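Data block below; observations after.
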There are 2 protein chains.
Amino acid sequence: MTLSESDPTGLHRVLDDAVVLPQAAQRLDTRRELWPDEVRIRVEMLNLDAASYRQLERKHSGHGDAIRAEVLEIVRTRGKMQNPETGSGGMLVGTVEEVGPASPLGLEVGARVSTLVSLTLTPLVIEDDLARWDGLGERIPCDGYAVLFGRSIAAKVPGDLPAELSLSVLDVCGAPALTSRVVAGYSTPTVTVIGAGGKSGSLSLAAAREEGAAHTIGVVPTDTEADALRAAGLADEVVVADARDPIALRDAVVKAGGPADITVVCVDVPGCEGGAILSTAERGTVIFFSMATSFSAAALGAEGLAADVTMLVGNGYVPGHAEHAFRLLRDHAGVRRLFEGRLDR
Amino acid sequence: MTLSESDPTGLHRVLDDAVVLPQAAQRLDTRRELWPDEVRIRVEMLNLDAASYRQLERKHSGHGDAIRAEVLEIVRTRGKMQNPETGSGGMLVGTVEEVGPASPLGLEVGARVSTLVSLTLTPLVIEDDLARWDGLGERIPCDGYAVLFGRSIAAKVPGDLPAELSLSVLDVCGAPALTSRVVAGYSTPTVTVIGAGGKSGSLSLAAAREEGAAHTIGVVPTDTEADALRAAGLADEVVVADARDPIALRDAVVKAGGPADITVVCVDVPGCEGGAILSTAERGTVIFFSMATSFSAAALGAEGLAADVTMLVGNGYVPGHAEHAFRLLRDHAGVRRLFEGRLDR
């Protein structure tokens, strides 16, 4: 490959010495000029992955200035937003600024879009020092530009939904799509969603029920979240449990009608692998959507418990996932209320 | 739970302040006395997980004394062998020393067994300072004791196979079992095994072919391994590629008849997620058996490539996995030759 050629994966923007994909790269080339199959986006908002933001929040004890400084430093040195600790990124909303003549994405200049690929592989330049962001919260008003590759995906932001709401749906739209697919592989399964009051959790609950789950259990960490989830009417049973406590989680799920055939892990805190495995039935499936999941903890945890469960890495891409998630939000008032409740905070 | 009660998961041996399963614990209680459902094993050999041993080897530049010192220090401070960097452990062979009156494992005193649960959750005391080990290689002659819980699993070491060979089969027996199950879910699939010359790789190739794979591709890193794998006759195509180079891997696999419907990742080096995803067909499945797998690299890598692939965390436990692997070894002379070649080194 010469420098003048581009690869649909974005390989031509990797500045590392080793040949790695943009997601695995230490540093990306953020030059403004496009290769022929690329698209440049004028960024208006970044949305950090929840696990990434929480890590930054913990590390800097909630000091907004320090959090903002670290985000700026990461993007400046790496040419992309990838939390070095969690490995995760987030996504962005913006307006199409320029479309390369060979771009296969079908985007038009001026269209308002959200990226459906992670910020961890998206060349990004911040031009306003994030001056409008107080460093608190996952949503970052931002002026700057980002680049999409030939194989990237972007979704148009729907006209009937506020931008922030669309963005928060798109951020997690892989979860309900994969949940649907897994539920469809079982006959009238029991489905537990851990972190059911959150964005990916509530959408996954709605998807599971639509796809034929016979019994749904929503696990949340607090009574406040339990009340909100009960009011949303998305789960047959709502239980409060600390997902990091494997025995407490197992007992709570069993009491609510488990163990589950399918357990969907949507909580962005480390240490939930054992409890998820322990509260899943033999020949059941655990879907890990949390970026805080440890591969070895899951693999060795199941082995250590002699648990015959299928464990899926939650792939954020399933064809049609964005439209599916928007439809769930429109069709289920409870989902929309939970999303809007989170935006207000 | 009072101190006098035990839990089949081994929770009663966790010394951490938080309630976590033994696998996730910082430190285990290694007291010699058994709870009623436990079994104590007199250890004769430890077998470190390949990813763990390689990390130690790299860290200490291959100095055996330093590697041995670190293993001793880990086991002394944590009460189990869990590499803090890779999170992985290994397994052990020994003789049943004492069986608690309530043990459900069906073991008898004097039986020669291997643990099928990871060392990362097995209480372990080393009593000979590993004096017979030069620190080089994954197999560690050892005198000491280990404890099995109610829900642990152990396999009898077969009488017709040398102990070292049995141990190296049991170490990876989850891989061919899960590969079989996944292959059975496809109709005449193409199967790629990355790291096909190794233990889990060669067994997985044999399992895939037995289960009906129409075309098998073995990927190895060197010409020497390629020659050995060709001689073993386990794969339809043998190709040499660096699995960490995603583009090279994709191109090599495609040239050999891919992309694969099922890609089995058996190489214990970091950074193989992107290449595995890229060389797998749409609606295909990637099974990650390597403990060097990064959860976020897999999840975000697939999303970033808009790749509709199912990604499985390689669960080391599938019912009947030990017997299945021993049978594959006995039935496939090529598998046995590859295993014995590795033991000789």
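With the condition kept exactly as written, say whether any residue in the range A:21-34 is surrounded by fewer than 22 Cβ atoms within 10 Å (Cβ to Cβ), β-branched (Val, Ile, Thr) and touching a residue at least 40 places away in the same chain (Cβ under 8 Å). Yes, the range A:21-34 has at least one match.
Given the criteria assigned to a loop (DSSP other than H, G, I, E, B), under 24 Å from the mean Cα position of the chain (by Cα) and touching a residue at least 12 places away in the same chain (Cβ under 8 Å), does B:Ala208 qualify? Give the derivation first.
Numbers: assigned to a loop (DSSP other than H, G, I, E, B): no; under 24 Å from the mean Cα position of the chain (by Cα): yes; touching a residue at least 12 places away in the same chain (Cβ under 8 Å): yes.
Taking the combined requirement at face value, the residue does not satisfy it.
Do we have any residue at all in the range A:52-67 that's over 28 Å from A:Val267 (Cβ atoms), outside any loop (DSSP other than H, G, I, E, B) and touching a strand residue (DSSP E or B) at 6+ places or on another chain (Cβ under 8 Å)? Taking every residue of the range A:52-67 in turn, none turns out to be over 28 Å from A:Val267 (Cβ atoms), outside any loop (DSSP other than H, G, I, E, B) and touching a strand residue (DSSP E or B) at 6+ places or on another chain (Cβ under 8 Å).
Which residues, counting only those in the range A:278-289, are more than 9 Å from every other protein chain (Cβ to nearest Cβ) and under 15 Å from A:Asp242 (Cα atoms)? So that I can check it myself, show each step before the final result.
Narrowing the range A:278-289 to residues more than 9 Å from every other protein chain (Cβ to nearest Cβ): A:279-281, A:283-285, A:287.
A:Ser279, the sole residue that qualifies.
Of all residues assigned to the range A:255-268, none qualifies as being within 18 Å of the chain's Cα centre (by Cα), within 9 Å of another protein chain (Cβ to nearest Cβ) and not aromatic (Phe, Trp, Tyr). In the set B:Ala146, B:Ala154, B:Ala163, only one residue is in contact with a Pro (Cβ under 9 Å, 6 or more places away or on another chain) and closer than 18 Å to B:Glu97 by Cβ; that residue is B:Ala146. Restricting A:Ile74, A:Ile67 to those that are more than 14 Å from chain B (Cβ to nearest Cβ), over 28 Å from B:Ala302 (Cβ atoms) and within 21 Å of the chain's Cα centre (by Cα) reduces the list to A:Ile67. Among the residues of the range A:105-154, those that are touching a Gly at 6+ places or on another chain (Cβ under 7 Å) and facing another protein chain (nearest Cβ under 10 Å) comprise A:Val117, A:Ser118, A:Leu119, A:Thr120, A:Leu121, A:Phe149.
Name every residue in the range B:220-243 that is in contact with a helix residue (DSSP H, G or I) (Cβ under 7 Å, 6 or more places away or on another chain) and of a type outside the set (Gly, Ala, Ser), in order of residue number. Please lay out each step first, then the result.
As a first pass, look at the range B:220-243 and keep what is in contact with a helix residue (DSSP H, G or I) (Cβ under 7 Å, 6 or more places away or on another chain): B:220, B:228, B:232-235, B:238-243.
Passing the criteria: B:Val220, B:Leu234, B:Val238, B:Val239, B:Val240, B:Asp242.
Tell me, which residue of the range A:96-118 that is outside any loop (DSSP other than H, G, I, E, B) and at pLDDT 95 or above is surrounded by the most Cβ atoms within 10 Å (Cβ to Cβ)? The qualifying residue surrounded by the most Cβ atoms within 10 Å (Cβ to Cβ) is A:Val96.
Can you spot a residue in the range B:140-152 that is under 21 Å from A:Ala306 (Cα atoms) and among the aromatic types (Phe, Trp, Tyr)?
Pass one, the range B:140-152, residues under 21 Å from A:Ala306 (Cα atoms): B:146-152.
Checking the rest, the ones that are also among the aromatic types (Phe, Trp, Tyr) come to B:149.
Among the residues of the range B:140-152, at least one is under 21 Å from A:Ala306 (Cα atoms) and among the aromatic types (Phe, Trp, Tyr), which makes the answer yes.
How about the range A:227-291: which strands (runs of 3 or more DSSP E) wholly inside it have at least 1 residues that are out of contact with any Gly (no Cβ under 9 Å at 6 or more places or on another chain)? Counting at least 1 such residues, we get A:237-240, A:280-288.
Look through A:Met1, A:Met91 and report the one residue that is assigned to a strand (DSSP E or B), of a type outside the set (Asp, Glu) and modelled with pLDDT under 95. Walk me through it before giving the result.
Numbers: A:Met1 fails: assigned to a strand (DSSP E or B).
That would be A:Met91, the only listed residue that is assigned to a strand (DSSP E or B), of a type outside the set (Asp, Glu) and modelled with pLDDT under 95.
Residues of the range A:292-336 that are at the interface with another protein chain (Cβ under 7 Å from one of its Cβ atoms), over 25 Å from A:Leu48 (Cα atoms), part of a helix (DSSP H, G or I) and not small (Gly, Ala, Ser): A:Leu300, A:Glu303. Determine if the range B:15-33 includes at least one residue that is touching a Pro at 6+ places or on another chain (Cβ under 7 Å), within 13 Å of chain A (Cβ to nearest Cβ), in a strand (DSSP E or B) and not small (Gly, Ala, Ser). Yes, there is a match, as at least one residue in the range B:15-33 is touching a Pro at 6+ places or on another chain (Cβ under 7 Å), within 13 Å of chain A (Cβ to nearest Cβ), in a strand (DSSP E or B) and not small (Gly, Ala, Ser).
Condition test on A:Ser187, is it small (Gly, Ala, Ser) and either outside any loop (DSSP other than H, G, I, E, B) or surrounded by fewer than 19 Cβ atoms within 10 Å (Cβ to Cβ) (or both)?
On the way: small (Gly, Ala, Ser): yes; either outside any loop (DSSP other than H, G, I, E, B) or surrounded by fewer than 19 Cβ atoms within 10 Å (Cβ to Cβ) (or both): yes.
Taking the combined requirement at face value, the residue satisfies it.
Based on what the data block shows, is B:Asp16 over 22 Å from the mean Cα position of the chain (by Cα) and surrounded by fewer than 19 Cβ atoms within 10 Å (Cβ to Cβ)? Taking the combined requirement at face value, the residue satisfies it. For the range B:42-65, taking the residues that are of a type in the set (Lys, Arg) and out of contact with any Ser or Thr (no Cβ under 7 Å at 6 or more places or on another chain), the one that is surrounded by the most Cβ atoms within 10 Å (Cβ to Cβ) is identified as B:Arg54. The condition (being within 11 Å of chain B (Cβ to nearest Cβ), closer than 19 Å to A:Leu170 by Cβ and not aromatic (Phe, Trp, Tyr)) is satisfied by just one residue among A:Gly94, A:Gly90: A:Gly90.
The values are calculated or read from the model by the stated rules, or taken from the named source; none is laboratory data. What you see is a predicted model; the values in this text were computed from it and never measured. In this analysis, Cβ positions are derived from the backbone assuming ideal geometry, glycine residues included, and neighbour counts consider all displayed protein chains.
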